[in-house]
Amino acid sequence: MSLAKRTTAVIMFCTVVVSSARADMVIDADMTGNWFVAGQPGHGLQLEIIDLSRAVVAWYTFDTEGQPLWLFGEGRIEGDTIVADLYRFEGTRFPPDFESDEIAGTKWGRIQIRRTGCDAAAFSYTPEEGAYLPAEFPLQRLTRIDGSRCGPEAPGQTVAWDLRHGNQGFEPLFVDYPEGGEDFYELAAGHRAMPAPWDDRGGIEISGNNHSDDLMMLLFRPLRGLTPGASYVIELEMQFASDVPSGCVGIGGSPGDSVFMRLGAAGQRPDTEIVDGMHRAILDLGQQASPGDDALGVGTLANGLDESLCADPDRPWRLKRVSTAGQALEVTADAEGRIWVYGLSDSGFEGTTIWYLTEFVVRLDELE
């Protein structure tokens, strides 16, 4: 296929490649995403890594007359650098009068994108002769593929569970409610079909009515096959579904912003004990916005949608991904080579909280 037809296909449809990130500066699929020039919002580049030798580049900018200028090209990857000739296309009309054979491409110039960090790159270009001058700018990442990550400290072993078709061994645990109060607190959990627009898949639903102003709800499972007694540096990631917009007001606190999400791991099974008539955690799972030794804060249940939707009974569900990346967490496996991993909500809202676990990822490295 010719370059013109390949880049025309990019104009009509962009494919996102899903992969995991690398720790070094070699160009890999983690570079896929949108990038912008610091201090110059309003124009930027879209990169798609096809394989370890090829990349598609689109630059959305403006010409010398202030009109939109869209440049496209397929480039080659040379270690930490993408080199691409970019073309400007014109000649046809808006669908349904679109005719591919009428498209004509003109070479605009050559660009280089050199990776300098996980979320940074150096961008330079040499235009063909004309009104444009060569220049170089720093690039910053704007978006990345869902679930991808990079960093020199990245743990090496990855275990992931997709909860679309089953609970994958996850169990529920409820904390900070009175002994015998399961029915009054309406505690429930199980694998369910998810609400629209995600009703073509399943997830683990967990719910409870927080009468104590402090209800904690966990979903946990063991990770087996580790070295007995060995210590691990661990990173956790969770995707969950929430229908609570940001900025909502509720009894005792916000139903989204006052429900705190945490991720954690421990060398013993999470459980509760009765203290003064209340189910209390045997692990240090933190309290409300404060993390604990065995659980790190990763945000809230609020899904980022506008507060104008708070009172809408049909407000949309939204998937949200949270991670402990950048926070130190070390865990020691038990005598059978097990650790337990979990995601939890800790509610300061005096009402019903419901969320769905859809994915859970563990990355870990054994410490010497």
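The values are calculated or read from the model by the stated rules, or taken from the named source; none is laboratory data. Quantities reported herein were computed from a predicted structural model and do not represent experimental measurements. Note that we place each Cβ from the backbone using ideal geometry, even for glycine, and neighbour counts take in every protein chain shown. Calculation scope for accessible area: heavy atoms of the full protein, side chains included, ligands and nucleic acids excluded. Shrake-Rupley method; radii C 1.70, N 1.55, O 1.52, S 1.80 Å.
Below is a table of values for the structure above.
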item	result
Scope the range 257-276; condition closer than 24 Å to HIS211 by Cβ, in contact with a strand residue (DSSP E or B) (Cβ under 6 Å, 6 or more places away or on another chain) and in contact (Cβ under 8 Å) with a residue 60 or more places away in the chain; matching residues	VAL259, PHE260, MET261, ARG262, PRO270, THR272
Close pairs from the range 313-334: first closer than 13 Å to GLU237 by Cβ, partner open to solvent by 70 Å² or more (accessible area, probe 1.4 Å) and modelled with pLDDT under 95, Cβ under 7 Å, at least 6 apart	ARG321/ASP146
Cross-chain or 6+ apart pairs with Cβ under 9 Å, the range 242-254 first and in contact (Cβ under 8 Å) with a residue 12 or more places away in the chain and on the phi < 0 side of the Ramachandran plot, then crowded, with 20+ Cβ neighbours inside 10 Å and of a type in the set (Asp, Glu)	VAL244/ASP257; SER246/ASP257; CYS248/ASP257
Within the range 214-264, tally of residues that are assigned to a loop (DSSP other than H, G, I, E, B) and either touching a helix residue (DSSP H, G or I) at 6+ places or on another chain (Cβ under 7 Å) or of a type in the set (Phe, Trp, Tyr) (or both)	4
Per-region count, the range 230-269, residues open to solvent by 50 Å² or more (accessible area, probe 1.4 Å) and more than 24 Å from ARG338 (Cα to Cα)	4
Those residues of the range 48-62 which are more than 15 Å from PHE137 (Cβ to Cβ) and surrounded by 14 or more Cβ atoms within 10 Å (Cβ to Cβ), in sequence order	GLU48, ILE49, ILE50, ARG54, ALA55, VAL56, ALA58
All strands (runs of 3 or more DSSP E) inside the range 46-156 with 3 or more residues being of a type outside the set (Gly, Ala, Ser) and touching a residue at least 40 places away in the same chain (Cβ under 8 Å)	54-62, 68-78, 81-90, 104-117, 135-141
Complete set of residues in the range 303-333 that are modelled with pLDDT of 95 or more and in a loop (DSSP other than H, G, I, E, B)	ALA333
Members of the range 337-368 found to be over 22 Å from THR158 (Cβ atoms), acidic (Asp, Glu) and assigned to a loop (DSSP other than H, G, I, E, B), listed by number	GLU350
Residues of the range 280-299 that turn out to be among the hydrophobic types (A, V, I, L, M, F, W, C) and within 20 Å of LYS320 (Cα to Cα), as a count	4
Hits in the range 281-319 (condition: over 22 Å from GLY250 (Cα atoms), surrounded by fewer than 16 Cβ atoms within 10 Å (Cβ to Cβ) and touching a strand residue (DSSP E or B) at 6+ places or on another chain (Cβ under 7 Å))	ILE282, ASP284
Of all residues making up the range 142-177, the number that are at pLDDT 85 or above, of a type in the set (Asp, Glu) and open to solvent by 20 Å² or more (accessible area, probe 1.4 Å)	2
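Every residue, every condition in (1) open to solvent by 40 Å² or more (accessible area, probe 1.4 Å); (2) more than 23 Å from GLY267 (Cβ to Cβ); (3) aliphatic (A, V, I, L, M), yes or no:
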position: GLU179; (1), (2), (3): yes, yes, no
position: ASP213; (1), (2), (3): yes, yes, no
position: MET217; (1), (2), (3): no, no, yes
position: PHE220; (1), (2), (3): no, no, no
position: GLY225; (1), (2), (3): yes, no, no
position: PRO228; (1), (2), (3): yes, no, no
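Here is a yes/no grid of residues against (1) surrounded by 12 or more Cβ atoms within 10 Å (Cβ to Cβ); (2) among the hydroxyl-bearing types (Ser, Thr, Tyr); (3) farther than 15 Å from THR61 by Cβ:
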residue	(1), (2), (3)
PHE94	no, no, yes
GLU99	no, no, yes
GLU102	no, no, yes
ILE111	yes, no, no
PRO138	yes, no, yes
